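One structure is given here, and the rest of the page talks about it.
The values are calculated or read from the model by the stated rules, or taken from the named source; none is laboratory data. Worth saying up front: this structure is predicted, and the values here are computed from it rather than measured. So basically every Cβ, Gly included, is an ideal-geometry build from the backbone, and we count neighbours across all protein chains shown. Protein only, heavy atoms only, side chains kept; ligands, DNA and RNA dropped before computing areas. Shrake-Rupley method; radii C 1.70, N 1.55, O 1.52, S 1.80 Å.
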Amino acid sequence: MPSVKLKHHSPQPDTITSSSSSVRLLSRETLRISASLASPPDDDLPLLSPPSPDSQFLHSTLRLICCEEIDGRRFKYVAETDGSSGGFKKNSVRSISLHSPQTPFDEVGSFLRSYVVPEGFPGSVNESYVPYMTWRALKHFFGGAMGVFTTQTLLNSVGASRNSSASAAVAINWILKDGAGRVGKMLFARQGKKFDYDLKQLRFAGDLLMELGAGVELATAAVPHLFLPLACAANVVKNVAAVTSTSTRTPIYKAFAKGENIGDVTAKGECVGNIADLMGTGFSILISKRNPSLVTTFGLLSCGYLMSSYQEVRSVVLHTLNRARFTVAVDSFLKTGRVPSLQEGNIQEKIFTFPWVDDRPVMIGARFKDAFQDPSTYLAVKPFFDKERYMVTYSPTKGKVYALLKHQANSDDILKAAFHAHVLLHFMNQSKDGIPKSVEQSDPAFAPMEYELESRIAESCEMVSTSYGIFKSRAAEQGWRMSESLLNPGRARLCHVKEGE
């Protein structure tokens, strides 16, 4: 448990507290916070009022604000009181972990599970998943072992080397190149569910990586003595691109299929791709006889490849609302009162927003420490959401809206929280647009009161109460399907925060 710095008030302000007294006080405060976790739920509610005069912790300046749970781990947030004003000091929120640190064995197990099993395992898959993957792993084990001997034989057949040891060395170098690519493919597979809800962005990012890998392969001609490291790097990049292609292929073909014909649609789609690939190979053979500039030819072909890839993903019309399309739909609804059609929403979706870049203005399922630095802001915002299973707030220093979910939040609560967050962002942007540029440049980090945060939250609550149901019905009329899982909410939940608290 991390140490907590406590203040000890004495009748004489200039007197320095002894180290032994500080240690005893630190022990008492640690035991108090830990013991509150084991108490009944009603006793575990946030303690927002000062303790009674006879409390043994009268000298403690820390007060409990709220409790948070994420992936089974629990944290409590405390803030330091200001004796002169009776409130809380600004930026005094700190978290205290209430769980024992994982053993090295548990950490390794968690690390491996994040790569080899889907999120939510075993509840996210049926019982046939484990035997299937067991036999699949065994099959690939024998296939990988067999590949070493087949590669060595192929190199011998083309006269790579008649010396057995030299032939084995060449084969091993080639296998190392392929092995590095497989490692890259395995590491990128940790992206997991991002392949489901950000498939357009990942598909285009994969094509960018494919061209990068091809460029690295061409660089081996300039530095042949670095063939092995460059070839390994290129294979890593191209295998990562292959993961994105194979992982996003099925959802895209599924969007095209109108019945139980996804297998037929997939087979025909792959056939079209293979035919076009063969035609491109023949075209390159024809132009290579003219000895064109390698760099110029590669640049032109890469531009054509990336342009086609961009138009390819833009042409896909998906019926689901992920974060990008949800943003497009809500923004259109707030500005025009209508929800865009499936074609309009997919065309307006941003493709260049990569899923691993965390720069979105709305964070759903955020952690308390990211949303609140000032305890007074939390206490001011909290009453607006006593009857909701979520709460939203705005951070002027970060320019983001945070939606925090309570532990009772269900699917509709998460969708409503996301809608409310976008409504609040809309109001905050309107407020910011009314601020003179000179003021904004001189002080970019406005305080919440300067933004009139409470009044904006009140306005957003009123608007959400009347318009959320309308938004859902109009989205359904346009054919959109909404699911909280596609919004990729964070896993943090505020625990023991009850309605009417």
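Tabulated values for the structure
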read-out	value
Sole exception among (1) in contact with a Ser or Thr (Cβ under 6 Å, 6 or more places away or on another chain); (2) modelled with pLDDT under 80 for Ile172, by number	(1)
Qualifying residue in segment 473-481 (condition: of a type in the set (A, V, I, L, M), open to solvent by 60 Å² or more (accessible area, probe 1.4 Å), out of contact with any helix residue (DSSP H, G or I) (no Cβ under 9 Å at 6 or more places or on another chain) and modelled with pLDDT of 75 or more)	yes
Matching residues, segment 406-424, being of a type in the set (A, V, I, L, M) and either touching a Ser or Thr at 6+ places or on another chain (Cβ under 9 Å) or open to solvent by less than 20 Å² (accessible area, probe 1.4 Å) (or both)	Ile414, Leu415, Ala417, Ala418, Ala421, Val423, Leu424
Some residue of segment 383-392 being open to solvent by 10 Å² or more (accessible area, probe 1.4 Å), free of Cβ contacts under 8 Å to residues at least 12 places away in the same chain and not in a loop (DSSP other than H, G, I, E, B)	yes
Residue list for segment 324-352, restricted to those being β-branched (Val, Ile, Thr), closer than 11 Å to Phe471 by Cβ and in a loop (DSSP other than H, G, I, E, B)	Val339
Qualifying residue in segment 250-272 (condition: aromatic (Phe, Trp, Tyr), under 26 Å from Leu487 (Cβ atoms) and without any contact (Cβ under 8 Å) to a residue 60 or more places away in the chain)	yes
Enumeration of residues in segment 208-232 that are small (Gly, Ala, Ser), modelled with pLDDT under 85 and assigned to a helix (DSSP H, G or I)	Ala231
Positions within segment 482-501 being open to solvent by 20 Å² or more (accessible area, probe 1.4 Å) and modelled with pLDDT of 90 or more, in sequence order	Arg493
Among the candidates Gln152, Gln102, residue that is within 30 Å of the chain's Cα centre (by Cα), of a type outside the set (Gly, Ala, Ser) and at pLDDT below 70	Gln102
Inter-residue pairs, beta-carbon under 9 Å, first closer than 17 Å to Pro361 by Cα and without any contact (Cβ under 8 Å) to a residue 60 or more places away in the chain and in segment 317-338, second open to solvent by 20 Å² or more (accessible area, probe 1.4 Å) and in a loop (DSSP other than H, G, I, E, B), 6+ apart	Val328/Lys350; Ser332/Arg338
Any chance Val272 is surrounded by 15 or more Cβ atoms within 10 Å (Cβ to Cβ) and among the β-branched types (Val, Ile, Thr)	no
Test: residue in segment 206-218 that is surrounded by fewer than 19 Cβ atoms within 10 Å (Cβ to Cβ), out of contact with any Asp or Glu (no Cβ under 9 Å at 6 or more places or on another chain), more than 19 Å from Leu301 (Cα to Cα) and not hydrophobic (A, V, I, L, M, F, W, C)	no
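Residue-wise test of (1) surrounded by 13 or more Cβ atoms within 10 Å (Cβ to Cβ); (2) in contact with a strand residue (DSSP E or B) (Cβ under 8 Å, 6 or more places away or on another chain); (3) not aromatic (Phe, Trp, Tyr).
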position: Phe256; (1), (2), (3): yes, no, no
position: Leu286; (1), (2), (3): no, no, yes
position: Arg290; (1), (2), (3): no, no, yes
position: Val295; (1), (2), (3): no, no, yes
position: Leu301; (1), (2), (3): yes, no, yes
position: Gly304; (1), (2), (3): no, no, yes
position: Val313; (1), (2), (3): yes, no, yes
position: Val316; (1), (2), (3): yes, no, yes
position: Val328; (1), (2), (3): yes, no, yes
